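Okay, structure first, notes after.
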Amino acid sequence: SLPHDAEIRVTPRFEGTFDGTSFALQANSTSPFADAKEATLVWNLDALPLAKYAEYLALPGGIKLVDGALTTRMRLTFVTAQNVARTLTLAGTARVDKPAFVRRDGSALVAAKSVDVTLAKLDWLARSIAFARVAVDAPEADLRREADGALEFARLLAAPAAAPTGAPSAARPSGGTSTSSSPWKFSVDDASVTDGRMRVADRSVSPAFEVTLAKVAATGRRIASPGAPGEVTLAFD
């Protein structure tokens, strides 16, 4: 009940190893008794092996994650005033080394040497996400067009995700609406793809067409959902 005591800040910290992966969580928060509450959470991970937890992921079309190690340096900021959320933002860097996805039958779908992302700001309440940089190194993709003319990748993404084995069924809400119907806005200041390789097969033509593109490289500048068009260049052998 004393204003002086309501203004104190707390700085909890928790770190250690989880399945051999180093992690650190560090927070800075105002007292829970303050009228305006502000907190930041720093989330650091070092090479978390994603494939070990793939069984908990419900990916569409039978796609499976079989490799990948996640390293993060992220900061989450949360502000409330009079118990109303005012700010919920996320920023920082994340890198996945050697991500690899396969089809249901185990054949390779998409992989890369690394995917490196610098997130300038993800604003959940404003429904906007801004990337300062996205870099994909040595990606490999196997793209197919089916006999009926449909793109396999689009079909896989449109398929419903199967529930993880042993997971309880989620109850469907009986009512209510989403908190916001406005679409998300996105922007990417700088994007690049280097040393890519892409296998393309088209089964909708006779005879079937197949080609491999090597040394695929792409750059993008100022790519955004609103505003003026950005620039994209593409090269390959």
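For LYS52, the aspartates and glutamates whose Cα comes closer than 12 Å to its Cα, not counting residues fewer than 8 places off in the same chain, are ASP19, ASP67. The structure shown yields P(r) over Cα pairs in 5 Å bins from 0, in percent, and of the options [x] 1, 5, 11, 14, 16, 15, 12, 9, 6, 4, 2, 1, 1, 1, 1, 0, 0; [y] 1, 6, 13, 18, 19, 17, 11, 6, 3, 2, 2, 1, 1, 0, 0; [z] 1, 5, 9, 11, 14, 17, 16, 11, 7, 4, 3, 2, 1, 0, 0, 0, 0 that calculated value carries the label [z]. Per residue, the chain reaches -1000 deg cm²/dmol at 222 nm when only DSSP H runs of four or more residues are counted, each adding -39500 (n - 2.57).
Length available on full extension from THR212 to ALA228: 0.36 nm per residue minus the Cα-Cα distance, which gives 2.4 nm. If each residue of separation counts as 0.36 nm, what is the full-extension length gain between THR77 and ALA201 once their alpha-carbon separation is subtracted? Full extension from THR77 to ALA201 adds 40.1 nm. Compared with the direct C-alpha span, the chain from ASP67 to LEU41 gains 6.6 nm at full extension, assuming 0.36 nm per residue.
Summing Cβ point charges (Lys, Arg +1; Asp, Glu -1) relative to the Cα centre of region 1-144 gives a dipole of roughly 300 debye. Take LEU151: with every protein chain present and a 1.4 Å probe, its accessible area is about 100 Å².
Taking every protein chain into account, the accessible area of the chain amounts to 65 square angstrom per residue (probe 1.4 Å).
Ranked from largest to smallest solvent-accessible area, with a 1.4 Å probe on the protein heavy atoms, LYS98, LYS185 come out as LYS98, LYS185. Overall shape of region 60-149 was characterised from the C-alpha gyration tensor. The equivalent ellipsoid obtained from it has semi-axes of 34, 17, 12 Å, in decreasing order.
With unit charges on the beta carbons (Lys and Arg positive, Asp and Glu negative) and the dipole taken about the Cα centre of the chain, which residue among ALA47, SER181, VAL79 sits farthest to the positive side? Of ALA47, SER181, VAL79, it is SER181.
Split the accessible area of region 63-142 by element, probe 1.4 Å, and carbon with sulfur accounts for 59%. Here the simple spin-label model places points 7 Å from the Cα toward Cβ, and for LYS121 and SER22 these points are separated by 3.2 nm.
A crude spin-label estimate for the pair ARG13 and LEU59, with each label 7 Å from Cα along the Cβ direction, gives 3.7 nm.
The values are calculated or read from the model by the stated rules, or taken from the named source; none is laboratory data. The shown structure was predicted, so the numbers you read here are calculated from the model rather than taken from an experiment. FYI the Cβ positions are ideal-geometry reconstructions off the backbone, even for glycines, and counts take in every protein chain you see. In case anyone asks, the SASA skips ligands and DNA or RNA and just uses the protein heavy atoms, side chains included. Shrake-Rupley method; radii C 1.70, N 1.55, O 1.52, S 1.80 Å.
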